[in-house]
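The structure appears below as structure tokens.
The values are calculated or read from the model by the stated rules, or taken from the named source; none is laboratory data. Keep in mind that what you see is a predicted model, and the values were worked out from it rather than measured. A quick note on method: Cβ atoms are made from the backbone with ideal geometry, for glycine too, and the neighbour counts reach across all protein chains shown. Just the protein is used for accessible areas: all its heavy atoms, side chains included, with ligands, DNA and RNA removed. Shrake-Rupley method; radii C 1.70, N 1.55, O 1.52, S 1.80 Å.
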Amino acid sequence: MTQTEAEPQPTQSRRAPVLDVVIPVYNEETDLGVCVRRLHAYLRDGFPFTARITIADNASTDATLEVARLLAAELDGVQVLHLDAKGRGRALRAAWAGSDATVVAYMDVDLSTDLNALLPLVAPLVSGHSDLAIGTRLDASSRVVRGPKREIISRCYNLLLKTTLRAHFSDAQCGFKAVRTDVARELLPLVRDGEWFFDTELLVLAERAGLRIHEVPVDWIDDPDSRVDIVDTARKDLRGIWRLTRALATGALPLDELRAAVGREPLVAGVPLGMVGQLVRFAIVGVLSTLAYVVLYLLLQPFVGGQGANLVALLVTAVGNTAANRAFTFGVRGRGDAMTHQFQGLAIFAFGLAITSGSLFALHRWAPAAPVAVELGVLIAANLLATLTRFVGLRWVFRNATVEAVTAEPSRRVSVEANR
């Protein structure tokens, strides 16, 4: 297990601050002192919230740890966290999980981002308006100085996230982020990556949980001495995207539990969270199912008659409708309980069949010579009533639907031990 060490602070710094700024470092003995003093002066001389700086040393092999300890002894509100393994994600997990601040943040040690963006980053979290906040270099109002190679890679990576993971945030890898500590404690156990993909995974989970992500356009100057291995990082990011895409597709993430723990309350009292979106998705599935039903009925009616065509068309579309609503409308993934859901869906189908068949029987009794177009009109009208029943019934079917594999996945927490 990775060992961590949080070093003690002077008595006057022990009161929990509003903000804890984490600076992950690896072999930064030359630049660490200048950057930390600059950040410390900024926080001391005009920043409106109480703040602490946590230097998270990622198993440095030079004098970085010694420099960090000297800074902690010299500057009030600076502490040191030492990890025996490399990885920015590991450092952030350890520092954020053990923080007593209201908001935790991080920035790169080179301070590439203009510090004037720190207050706009943190304020929406302190006020409770937002849950996470990120700096973005890709907004039209951002001012960025970096080479074309990094610019192209960054834009391609974020485009890939939008395509594969349906991400809506604009800049996953900007080293300037903040999150409410209570929210971080819910998200961190689900984030598996301990390196550069940590940011992306955290943001995707937050977005899927319904959390509000605030974006701040930043002024950013590329560090020419960056230690990031672009090729290795890209390879690991692609592996992370594949892993996360598969986990979301198969239901191997407890998103329902996460939403229950951190999701926002409904805007309208009495309307369950997510119900409006479910209605929209249900309507889309319903339109496609109706079209499929009409096609099947018209194809089968000349051969098996109205009742037979109605039975077959309704049965086929009911199975497809249940499967589509299971995945698309209610977001249930994986094979767990799939057959149970289909049987329950067929029970709802039986009710719909009774309504449509009864309507067709009444039509044939009172107008036995009615053309196929009239039959179809009566059936569509009856299906509208059956559709309302289906939505209510499917909400009941999928009310507690979760994938059993999720509960077997252990929480991944990193403990922070204070050595005094």
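A few remarks follow.
- Within the stretch 321-340, being of a type outside the set (D, E, K, R) and open to solvent by 40 Å² or more (accessible area, probe 1.4 Å) holds for Ala323, Phe328, Gly331, Met339, Thr340.
- Matching helices (runs of 4 or more DSSP H) fully within the stretch 106-209 where at least 1 residues are open to solvent by 10 Å² or more (accessible area, probe 1.4 Å) and at pLDDT below 95: 148-164, 181-187, 198-208
- Residue in the stretch 375-390 that is out of contact with any Cys (no Cβ under 7 Å at 6 or more places or on another chain), among the hydroxyl-bearing types (Ser, Thr, Tyr) and either open to solvent by less than 30 Å² (accessible area, probe 1.4 Å) or without any contact (Cβ under 8 Å) to a residue 40 or more places away in the chain (or both) present: no
- Residue that is nearest to Val294 (Cα to Cα) [pool: residues in the stretch 321-377 that are among the hydroxyl-bearing types (Ser, Thr, Tyr) and out of contact with any Phe, Trp or Tyr (no Cβ under 6 Å at 6 or more places or on another chain)]: Thr356
- Meets criteria (at pLDDT 85 or above, crowded, with 17+ Cβ neighbours inside 10 Å, small (Gly, Ala, Ser) and over 26 Å from the mean Cα position of the chain (by Cα)) for Ala313: yes
- Cβ-Cβ under 6 Å pairs, at least 6 apart or on other chains, the stretch 91-116 side of a type in the set (S, T, N, Q), far side open to solvent by less than 10 Å² (accessible area, probe 1.4 Å) and assigned to a strand (DSSP E or B): Ser99/Asp20; Thr113/Gly135; Thr113/Phe176
- Unique match (being of a type in the set (Lys, Arg) and over 27 Å from Phe49 (Cβ atoms)) among Arg185, Arg150: Arg150
- Cβ-Cβ under 8 Å pairs, at least 6 apart or on other chains, the stretch 156-174 side under 15 Å from Leu205 (Cβ atoms), far side open to solvent by 10 Å² or more (accessible area, probe 1.4 Å) and charged (D, E, K, R): Ala167/Glu207; His168/Lys162; His168/Glu207; Phe169/Glu207; Phe169/Glu215
- Looking only at residues in the stretch 66-82 that are small (Gly, Ala, Ser) and assigned to a helix (DSSP H, G or I), the one that is most open to solvent (accessible area, probe 1.4 Å) is Ala73.
- Residue in the stretch 341-361 that is exposed (fewer than 14 other Cβ atoms within 10 Å of the Cβ) and within 35 Å of the chain's Cα centre (by Cα) present: yes
- Residues that are at pLDDT 90 or above and either over 17 Å from Arg192 (Cα atoms) or among the small types (Gly, Ala, Ser) (or both), drawn from the stretch 221-242: Gly240
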